[in-house]
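Comments concern the structure below.
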């Protein structure tokens, strides 16, 4: 049995890591337990982008896009060594979104986030720029910018900062039981350690409800949707340092992103699944991504060109729409009950908004932490 912690965090993905950094920088005593290695699940199987989410505008998620664009600016500033602005090109197809709709979307995208150092969007002609990459049916398109990031490194840097400020980080450590007392939680780990903490935060990502039901033994009213996003990696399809945003007939988009000097990263898919464990790409997903490339690029590929694949599970807040229309926003479920000892469950969220989410978590918990520094600080200090 150790002394009392202020905050115990279940889950060492990007949200858990961000909260640990923010909280320990406010002078709080923090303990984080991750059942594997930090950043080894969903947070390292993303599309490696810090982006506003251009296509979320179609679902009228203006608030989420604006927040994401502001965060894109912040993260580029606090993590300059692992981020890099990258041009994205949308080939225009008469059959799909109209030029007017794309222009309107890009105008909002350029301006919703306020002042930015990232270049604005423009119209391009493929006979003059990025020649011989796309098929001849694509003559015109649009270019905008987003930011490439090393997602796993972003988690690790947040964790390293937390440790420097005194946080206790336990990897390969599973929480097997959590008992609520009047003023604190008693948390049992799989190494038989028992940790006491005033507040418990469940940032288990896709495993959130499993943790609520099996570890905390509470009934959750919130339902999440587990969506698998898969990527394929091929030898690079072209030489230029530019990414492509491909529109498909089902209205979904697929990114093609330069990856590790020699490769192209192609994704992502959206497939509903029942379990967050051991996600792997299906043949249908491979075919979907290959077809998307072959409908746009001069260079044609097949399954033999795939050098690697990866899949991650995104926990989305269930609102009974098709997977591509489900919100990427996040919600907090603060459970205080009559006896104090707050529990905060975090549902949803995306890589780009992790820092803002962490800040909002701290704002939410301030009433229970009278000794914490009340000043938001993480947007100003480099990782």
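Of the conditions (1) under 22 Å from residue 83 (Cα atoms); (2) touching a helix residue (DSSP H, G or I) at 6+ places or on another chain (Cβ under 8 Å); (3) buried (at least 19 other Cβ atoms within 10 Å of the Cβ); (4) in the same structural domain as residue 264 (by TED's automatic domain parsing), residue 105 satisfies every one except a single condition; which number is it? Here residue 105 clears every test but (1). One residue alone among 241, 261, 270 is under 30 Å from residue 143 (Cβ atoms), under 20 Å from the mean Cα position of the chain (by Cα) and either without any contact (Cβ under 8 Å) to a residue 12 or more places away in the chain or surrounded by fewer than 21 Cβ atoms within 10 Å (Cβ to Cβ) (or both), and that residue is 270. In summary, strands (runs of 3 or more DSSP E) completely within region 132-196 and bearing 3 or more residues that are under 16 Å from residue 4 (Cβ atoms) occur at 175-180, 185-189. If the condition is being modelled with pLDDT under 95 and touching a helix residue (DSSP H, G or I) at 6+ places or on another chain (Cβ under 9 Å), then region 251-267 contributes 251, 252, 253, 267. For region 111-128, which positions are under 22 Å from residue 256 (Cβ atoms) and surrounded by 15 or more Cβ atoms within 10 Å (Cβ to Cβ)? If the condition is that a residue be under 22 Å from residue 256 (Cβ atoms) and surrounded by 15 or more Cβ atoms within 10 Å (Cβ to Cβ), then 118, 121, 124, 126 are the ones that fit.
Please specify each residue of region 297-333 satisfying the condition of being modelled with pLDDT of 95 or more and part of a strand (DSSP E or B). Residues satisfying the conditions are 297, 306, 307, 308, 309, 310, 311. Scanning region 35-63 for residues that are at negative phi, outside any helix (DSSP H, G or I) and in contact with a helix residue (DSSP H, G or I) (Cβ under 7 Å, 6 or more places away or on another chain) yields 38, 41, 46, 50, 51, 52.
Against the numbered list (1) assigned to a loop (DSSP other than H, G, I, E, B); (2) over 24 Å from the mean Cα position of the chain (by Cα); (3) crowded, with 16+ Cβ neighbours inside 10 Å, residue 220 comes up short only at (2).
For region 13-28, the tally of residues that are assigned to a loop (DSSP other than H, G, I, E, B), farther than 17 Å from residue 332 by Cα and touching a helix residue (DSSP H, G or I) at 6+ places or on another chain (Cβ under 7 Å) stands at 1. Of the residues in region 202-217, at least one is more than 23 Å from the chain's Cα centre (by Cα), assigned to a loop (DSSP other than H, G, I, E, B) and not assigned by TED's automatic domain parsing to the domain that holds residue 287.
With respect to residue 81, is the statement that it is in a loop (DSSP other than H, G, I, E, B) and either under 17 Å from the mean Cα position of the chain (by Cα) or without any contact (Cβ under 8 Å) to a residue 12 or more places away in the chain (or both) true? Yes: the conditions hold for residue 81. The set of residues in region 275-294 that are buried (at least 17 other Cβ atoms within 10 Å of the Cβ) and either modelled with pLDDT under 95 or in a loop (DSSP other than H, G, I, E, B) (or both) comprises 276, 279, 281.
The values are calculated or read from the model by the stated rules, or taken from the named source; none is laboratory data. Fair warning: this is a prediction, and the values are worked out from it, not measured in the lab. Here the Cβ is made from the backbone with ideal geometry for all residues, glycine too, and neighbour counts use every protein chain on show.
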